[in-house]
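Engineer: Got a structure here, written out as structure tokens. Questions coming.
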Amino acid sequence: MNRNATYVGLDIAKSVFYVVGKDDIGREMLKRKLKRDQVLEFFANLPAAKVGIEACGGAHYWAREINRLGHEARLIAGQHVKKYISGNKNDYRDAQAISEARSRADMRYVPINTEAQQELQMRHRIRQRIMTQRVALICQTRGLLGEFGVVLPKGVKAFQDGVQRWLRENPANLSGGVLEMLLELRQQLDDLDNLLVRYDARLAHTAQTDERGKRLMAVPSIGPMIATSLIATLHDPRHFKSGRSFSTNLGLTPHEHSSGGRQVLLGISKRGDRYLRTLLIHGARSALRTAAGKTDRMLIWALKLKQAKGFNVAAVALANKVARIAWALLAHDRRYQPQWNA
């Protein structure tokens, strides 16, 4: 087949890659099956093309490498690729659908992460895994202690103090094997806590030393965790046309199901980055709980919304507004200027 294709779809995997290329009018000009070590050599010998890759594991690496070879690689979200698959799903048809999606003028793309962004995101993902392991360990220990008639209060600190107090006061009631296992579980929990403290310190240091982090942390509800996650996500804020476009990408705007001229707005769409969306909502909850007596007009607005619509609706609305403000600060290189209530 003729290799001069304008739009190229690359379906990536661990070992086997499929490439499908089309010209300007949609004719298939290229079809290849490649092994992993053949991909870069193939694109190095291919005339400059507009390459599409489905956003998944490893996609950012391949997009960066293919761009270095002179092509214009873009990442496409999986839900946008899926609607162009014709017939049963296989690797060839996936590449075909990616090339078709890449040729669409109105297609929305996923921003390509730099290596520095991926390093920062890696810290967040490892910290998230540590938190998950800690919760699982606490739940298991709580269940095991329940078998001995011990019910401890909720909360990590209260749980740790309760375990330590119970082990100190009731060691004679336990067999040697049970006591040994409980001490091991407590040591594992201490190790996870120490590891969590180290990752928190690293993220806080990054937020304090990065000028963008300092500007973001001036916004109510944004701390080191949210600031570093925003930096990792918004390396190029101009990728999004506006703050609303960014908040829509995070799934913080209403899901619409309108027909026949009748507009129906439902709950938030929950699309995009679940991790960052969760952090923003938790930060908004914290700010809303301590907003009483504050003079920032945004917090006063959130309190009024809380009285009218309830705590959860106000928290999500505040998270949406904070996301838009964060985009504006990074996109226009500004500092947060709170509007004080007279």
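Engineer: Could you please state how large a percent of the accessible area of the stretch 252-329 is carbon and sulfur, counting protein chains only and using a 1.4 Å probe? Write down the numbers at each step before the final one.
Structural biologist: Working: 2300 of 4430 Å².
Ligands and nucleic acids excluded, carbon and sulfur give 52 percent.
Engineer: With contacts defined as alpha carbon pairs under 8 Å and 6 or more residues apart, what's the relative contact order of the chain in percent? Don't skip to the answer; put the middle values down first.
Structural biologist: On the way: 467 pairs, mean separation 39.9, N = 342.
Contact order relative to length: 12 percent.
Engineer: Angle, helix 156-169 long axis vs. longest principal axis of the chain, Cα atoms, 0 to 90°, nearest 10?
Structural biologist: So the inclination is approximately 40 degrees.
Engineer: Grab the beta carbon distance between His205 and Arg335, set R0 = 25 Å, and tell me the FRET efficiency rounded to 0.05. Present the calculation step by step, with values, prior to reporting the outcome.
Structural biologist: Details: r = 21 Å, r/R0 = 0.85.
The value I calculate is 0.75.
Engineer: What ³J(HN,Hα) values, in whole Hz, does the Karplus curve 6.51 cos²θ - 1.76 cosθ + 1.60 give for the stretch 183-195 when θ = phi - 60°, with x put for Gly and Pro?
Structural biologist: Working through the residues one at a time gives 5, 5, 5, 5, 5, 4, 5, 5, 5, 5, 4, 5, 5 Hz.
Engineer: On to the next question. Less than 17 Å apart at the alpha-carbon level, and either on another chain or at least 8 residues along: which lysines does that give for Lys35?
Structural biologist: Lys14
Engineer: In addition: Counting only heavy atoms of protein chains, what accessible area per residue, in Å², does the stretch 1-129 have with a probe of 1.4 Å?
Structural biologist: Working: 7050 Å² over 129 residues.
Averaged over the residues of the stretch 1-129, the accessible area is 55 Å².
Engineer: Each label point is 7 Å from the Cα along the Cα-to-Cβ direction; what then is the distance between the points at Glu72 and Ala116, in nm?
Structural biologist: For the pair Glu72/Ala116, the computed spacing is 2.6 nm.
Engineer: Ok, one more. Contour minus end-to-end for Ala105 and Leu195, with contour as 0.36 nm per residue of separation and end-to-end as the Cα-Cα distance?
Structural biologist: Values: separation 90, 0.36 × 90 = 32.40 nm, distance 4.68 nm.
Here the answer is 27.7 nm.
Engineer: For Lys294, list the lysines whose Cα falls under 18 Å from its own Cα; do not include residues on the same chain fewer than 8 positions away.
Structural biologist: Hits, sequence-local ones excluded: Lys304, Lys306, Lys321.
Engineer: With every protein chain left in place, what is the accessible area per residue of the stretch 158-309 in square angstrom, probe 1.4 Å?
Structural biologist: Numbers: 8600 Å² over 152 residues.
Normalised by residue count, the accessible surface of the stretch 158-309 is 57 Å².
Engineer: Under the rule of -39500 (n - 2.57) per DSSP H run of 4 or more residues, summed and divided by the residues of the chain, what mean residue ellipticity at 222 nm is obtained, to the nearest 500 deg cm²/dmol?
Structural biologist: Numbers: 13 runs with 186 residues, N = 342.
After summing the helix terms and dividing by the residues of the chain, the value is -17500 deg cm²/dmol.
Engineer: Under 11 Å from a point placed 7 Å out from the Cα of Ala13 along the Cα-to-Cβ direction: which residues of the stretch 36-55 have their backbone N that close?
Structural biologist: So the set is 36.
Engineer: Which order do the peptides 218-228, 50-60 take when ranked by the mean count of other beta-carbon atoms within 10 Å per residue, highest first?
Structural biologist: Working: 218-228: 22.3, 50-60: 19.7.
Result, highest mean Cβ count within 10 Å first: 218-228, 50-60.
Engineer: Can I ask one more? Please quote Rg/Rh for the chain to two decimal places, taking the Kirkwood radius as Rh and restricting both calculations to Cα atoms. Write down the numbers at each step before the final one.
Structural biologist: Numbers: Rg = 25.4 Å, Rh = 23.7 Å.
My calculation of the ratio gives 1.07.
Engineer: Same structure, new question: Could you tell me which of the pairs Lys22/Lys270; Lys157/Lys270; Lys241/Lys270; Lys157/Lys309 are separated by over 22 angstrom between their Cα atoms in the structure shown?
Structural biologist: Those over the limit are Lys22/Lys270; Lys157/Lys270; Lys157/Lys309.
Engineer: Project the alpha carbons of the stretch 181-332 onto their principal axes and report the range along each, largest first, in whole Å.
Structural biologist: Here the spans come out as 64, 38, 36 Å, largest first.
Engineer: Would you mind computing the Rg to Rh ratio of the stretch 88-176 from its alpha-carbon coordinates, Kirkwood style for Rh? Please report the intermediate quantities before stating the final value.
Structural biologist: Numbers: Rg = 25.1 Å, Rh = 18.3 Å.
Reported Rg/Rh (Cα atoms, Kirkwood Rh): 1.37.
Engineer: Next question. Could you run the Debye sum over the Cα atoms of the stretch 1-104, one equal point scatterer each and no solvent, and tell me log10 of I(q)/I(0) at q = 0.10, 0.22 Å⁻¹, two decimals?
Structural biologist: Scattering profile of the stretch 1-104, log10 relative to I(0): -0.21, -1.18.
Engineer: What's the angle, to the nearest 10 degrees (0 to 90), between helix 274-289's Cα axis and the longest principal axis of the chain?
Structural biologist: 40 degrees
The values are calculated or read from the model by the stated rules, or taken from the named source; none is laboratory data. Bear in mind that the values here come from a model prediction, so they are computed numbers and not experimental data. Here the Cβ is made from the backbone with ideal geometry for all residues, glycine too, and neighbour counts use every protein chain on show. Side chains included, ligands, DNA and RNA excluded: accessible areas come from the protein's heavy atoms. Shrake-Rupley method; radii C 1.70, N 1.55, O 1.52, S 1.80 Å.
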